[in-house]
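**Student:** First the structure, which I've put down as structure tokens, then a few questions once you've had a look.
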Amino acid sequence: MNYGRKSVKRKKNLLIPRALWIGNRIKATVFLIVLILAVGAAGYGAYRAYEYVQEILNDAPDISAVDATPTGYMSTVYDADGNVTAQLVSSGSNRVYVTLDEIPEDLQHAFVAIEDERFYEHNGIDLKGIARAGVNTILSGSLSEGASTITQQLLKNNVFEGWTSETTEESIKRKLQEQYLAIELEKEASKDWIMENYLNTINLGQNTLGVQAASNRYFGKDVSDLTLSECAVIAAITQNPSKYNPISYPENNRERQEKVLQNMKDQGYITQEELEEALADDVYSRISEHNVVYESDTTNITSYFVDALTEQVIEDLQTELGYSEAQAYNALYSGGLTIYSTQDPEIQEICDDVVNDDSNYDVSDQISFSYALTIQADDGTVENYSEQMMLTWLKEEKNISSLNFDSEEEAMEAIDEYREDLLLGGGTVLAENVTFTIQPQASMTVIDQTTGEVKALVGGRGEKTASKTLNRASDTTAQPGSTFKILTTYAPALDQGLVTLATTMVDEEITYSNGKVVNNANGKYRGTVTIREAIEDSINVIAIKASREVTIEECYQSALDFGITTLTDEDMVEALPLGGITDGVTNLELTAAYAAIANGGVYHEPILYTQILDYDGNVLINKVPETHRVIQATTAFLLTSAMEDVVESGTGKLAGFSGMSVAGKTGTTSSTRASWFAGYTPYYTCAVWGGYDDNSELPSTNFTKNLWREAMSQIHEGLEDIGFEEPEGIVTCSVCTSSGLLASKYCTSVRTEYFTEDTAPTAICTSHRSERVKICTASGLLAGEYCPEDEVETRYFEKDSETGASTAPTETCNVHTSETSGDSEASDGSDTSDGSETSDSSDTAGSSETSGASGNSGTASAAGTSGSSASSD
């Protein structure tokens, strides 16, 4: 028998029915076909998948064009002492960059332990992590675990946008590109570079980006000072910044923190002892305590100084660097700028305290408010109402002309009544907002006159509740009142030699060209006064007369030269010297103008910062103030001398304080709606404004001088009174205050006055001699009634310096008698003509030979002409 393989197979086939055999063959063939098709489909699918992936990868950006560094950094403002005074940040920009050497290794390891344990080994993607995540996804039925490496997360946050709202297809595409670029990035960058940028990128809750911002927010310290337990708290946040926020959800963070620490121990970064010590640390109580301080701290509300500074920075970024307005704002609030301000923290604190000290105000506190109300009527229409509309209602219904009330309660009662009246016809309140403000308000600016640096700025009284609120020091304007006399009139008049401080003018009723009488604030006229006295007592009539010597055009130009930018063409009017202008001036600009006088006539543009650095530490702007000479140094000295009298004995006496030279000028607007004091010492210039926001009449103007005195006296504590420097070209003369000429021994009102060398008087005052008589030139004796007119002249005779007797002749001319003149009766010499009667000093006033138009006797004398005063001592 043959038992070979073929024989056995033949016999087996004989035993199987043929039909069954055919069926098996068909099945085998079909299976083979299906298998071939399946393999082909799989191959095609793989090919198509490859093409799909390749297409996605080809669409990925080139790694050379990828910038994986974070963008959006907070800008920081430092004061003059190097303290952080403000951090300027927009949404998505609360980031402070730190280098890796400033970041503790514990913090670096904490993130590696919880986020990417094989970070230091993989090439950008973690294949083990991907496999583990895949298995867990299959087992759980959901994508419960990610496998993104730190490198991928860096790319996701800094390269790929919009991933928080992407579709599934977009998510797959982004993840593939992310993994591809992660591999490419690690070919180009070191692990340290990736770690540094990652730790400066990540979102760590509470609007903090990066570990430095998070360290400041949660612990109030620099990241380099974090402990191990604190490092673990911050690393625990990153997976879900809301869920693991250590302030809002400390329990969740604690659970995650423990996992971080355990992973660090398991991965060999810390010991068991360090783990236990970190877990025992009561870190969350410290976070809670710091948060209370942080929330009560108003440093996140920018100060008036910083508000003004940001405006100057934005303007300079546009004018100096050519930024658009949008680019300037973006650079300031998310460009990571470093700004070194001029603010002196001690001076700023003094000014803040003084302005907010109620005891410095001699006016009762009142409360005003801003109000917004939105009502929807029954027919669906919506109407908005403001406080101005409410004021109109108060005037019509209550005969109340102001929004100033004695208390918040009274103000609220008025608001309630107004609202109820509006709702009488039906309707529903959709929105309502009210903000109360203490009144009267005040502003204050302090400038170092030698540099133009603003040392302190206060834009309002009361608590500042938000950034960019109304800044009464830099943004709002007010009528300057008599402070403008110095800038517009006396400065150019003295500078051009049109008047001297000794020049006399008559304080009398005068009118403008339209016939309106010039306002006389004192209610009386003083007759002949000097320019010094006019400045000291702020006499309006003299300022207007002096401005006519200067011309209004020159007065207007002088204000511009002093840095006043708020003037309009309509302000070139006769009332300009008295501060009658359209828009008023800002406190900041008025302070800078007076600082120019304090600085010897040289104006410095007021600056609030000295330097701006970009995010990389490169200098963007070195702030150099615009500087120009406005008046001569001698003119500045003369003005200073006159304004010292304002403080010592004039309208500004309340502003003076002992131990320091002070010069300044008061300013009060018509109807007493605003009050100013602008003044300076050898060190600083300061201007104070006070008034009601609604321009109501002030019951007193003393508080502005009180504020100035209290602030400046504290600022100057410990400083030596070096006095105001006298420049070359100043001389002194003893002058008669009635004529402005060199005083004779007969002048009874004499003072030593300062002059420039070319304006010092040369003529001697002749207004106060005892005799002014008519003399016959033929005889040299008193003219008689028969002396011919062409031989009679008026002469002055002085008193004898020793006996005091008059040196005038006592005998009458006997040359021209009635006989010699053809008259029938000769004179016996007993009678004198009317002109021979002597007059006392009181008689000289009415017949003075001065120029009555300008009263500029001092200047006339300097020019070599005679001109006696129109008044007597």
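The values are calculated or read from the model by the stated rules, or taken from the named source; none is laboratory data. What you are looking at is a predicted structure, and each value in this text was computed from that prediction instead of being measured. Methodologically, a virtual Cβ is constructed for each residue, glycine included, from the backbone with ideal geometry; neighbour enumeration extends over all protein chains shown. Protein only, heavy atoms only, side chains kept; ligands, DNA and RNA dropped before computing areas. Shrake-Rupley method; radii C 1.70, N 1.55, O 1.52, S 1.80 Å.
**Student:** Straight-line reach from residue 745: which lysines have a Cα under 20 Å away, not including same-chain ones fewer than 8 places off?
**Tutor:** Within the straight-line limit of under 20 Å, residue 745 reaches these lysines: 799.
**Student:** What net charge do the residues around residue 657 carry, taking every other residue with its C-beta under 14 Å from that of residue 657, with Lys and Arg at +1 and Asp and Glu at -1?
**Tutor:** So the environment of residue 657 carries a net charge of -2.
**Student:** Distance from the Cα centre of the range 678-739 to that of the range 177-210, in angstrom?
**Tutor:** Each part reduced to its Cα centre gives a spacing of 59 Å.
**Student:** Let me check something: with ligands and nucleic acids excluded, how do 132, 256, 709 order by accessible area (1.4 Å probe), largest to smallest?
**Tutor:** 132, 709, 256
**Student:** Oh, and also: Using a Förster radius of 45 Å, what is the FRET efficiency between residue 407 and residue 583 based on their Cβ-Cβ separation? Nearest 0.05, please.
**Tutor:** Between residue 407 and residue 583 the formula returns 0.85.
**Student:** Starting from the Cα-Cα distance between residue 734 and residue 777, subtract it from 0.36 nm times their residue separation and give me the gain in nm to one decimal.
**Tutor:** Taking 0.36 nm per residue and subtracting the Cα distance, the gain is 12.1 nm.
**Student:** What number comes out for the charge environment of residue 681, summing +1 per Lys or Arg and -1 per Asp or Glu over other residues with Cβ under 13 Å away?
**Tutor:** Once all neighbours under 13 Å are counted, the net charge is -4.
**Student:** Between the range 625-642 and the range 374-422, how many Å separate their Cα centres?
**Tutor:** First find each Cα centre; the distance between them is then 51 Å.
**Student:** First compute the accessible area of the range 363-466 with a 1.4 Å probe, then give the percent of it belonging to carbon and sulfur atoms.
**Tutor:** In the range 363-466, the share of accessible area belonging to carbon and sulfur is 44 percent.
**Student:** A further question on this structure: Rounded, prolate or oblate: which fits the range 495-654, taking a ≥ b ≥ c as square roots of the Cα gyration tensor eigenvalues, rounded meaning a/c under 1.5, else prolate when a/b beats b/c?
**Tutor:** prolate
**Student:** Can you compute the equivalent ellipsoid semi-axes for the range 265-349, i.e. the square root of 5 times each eigenvalue of the Cα gyration tensor, sorted largest first and rounded to whole Å?
**Tutor:** Each semi-axis is the square root of five times an eigenvalue, giving 43, 21, 11 Å.
**Student:** When the chain is fully extended, how far beyond the present Cα-Cα distance does residue 720 get from residue 327, taking 0.36 nm per residue of separation?
**Tutor:** Computed gain between residue 720 and residue 327 is 136.8 nm.
**Student:** Residues in the range 333-370, backbone N under 12 Å from the label point at residue 700 (7 Å along the Cα-to-beta-carbon vector): list them, ranges by number please.
**Tutor:** Counting only backbone N, you get 359-365.
**Student:** Residue separation times 0.36 nm, minus the C-alpha to C-alpha distance between residue 69 and residue 39: what's the value?
**Tutor:** Answer, rounded to one decimal: 6.2 nm.
**Student:** Listed highest first by mean packing, meaning other Cβ atoms within 10 Å per residue, what order do 517-524, 495-502, 663-670 come in?
**Tutor:** Per-residue mean Cβ counts within 10 Å order the peptides as 663-670, 495-502, 517-524.
**Student:** Separate question: Given +1 on the Cβ of Lys and Arg, -1 on the Cβ of Asp and Glu, and no further charges, what dipole in debye does the range 693-769 carry about its Cα centre, rounded to the nearest 20?
**Tutor:** Using Cβ point charges on Lys, Arg, Asp and Glu, the range 693-769 gives about 800 debye.
**Student:** Let me ask something else about it. Mind scanning 455/485; 623/665; 485/665; 128/175; 524/545 and naming the pairs with a C-alpha gap bigger than 20 Å?
**Tutor:** 455/485; 623/665
**Student:** If I model a spin label at residue 521 and residue 383 as a point 7 Å from the Cα along the Cα→Cβ vector, what separation in nanometres do I get?
**Tutor:** 4.4 nm
**Student:** Determine, from the Cβ-Cβ distance of residue 271 and residue 83 and an R0 of 30 Å, the FRET efficiency 1/(1 + (r/R0)^6), rounded to the nearest 0.05.
**Tutor:** Efficiency for this residue pair is about 0.15.
**Student:** Right, next: Straight-line reach from residue 653: which aspartates and glutamates have a Cα under 12 Å away, not including same-chain ones fewer than 8 places off?
**Tutor:** Answer for residue 653, where 12 Å is the Cα cut-off: 536, 537, 644, 645, listed by chain and number.
**Student:** Run the dipole for the range 334-453 about the Cα centre, Lys and Arg Cβ at +1, Asp and Glu Cβ at -1, nothing else charged, and hand back the magnitude in debye, nearest 20.
**Tutor:** In total the dipole reaches around 520 debye.
**Student:** Simple spin-label model, 7 Å along Cα-to-Cβ: residue 430 to residue 626 in nm?
**Tutor:** It works out to 4.5 nm between the two label points.
**Student:** Give the distance, in whole Å, between the Cα centre of the range 471-517 and the Cα centre of the range 91-121.
**Tutor:** If we compute the Cα centre of each part, the gap is 65 Å.
**Student:** How much accessible surface area, in Å² rounded to 10, belongs to the heavy atoms of residue 383 with a 1.4 Å probe?
**Tutor:** Near enough 100 Å² of accessible area.
**Student:** Now for a different question. Using only alpha carbon pairs under 8 Å that are at least six residues apart, calculate the relative contact order of the range 619-666 and give it in whole percent.
**Tutor:** Relative contact order, the range 619-666: 32 percent.
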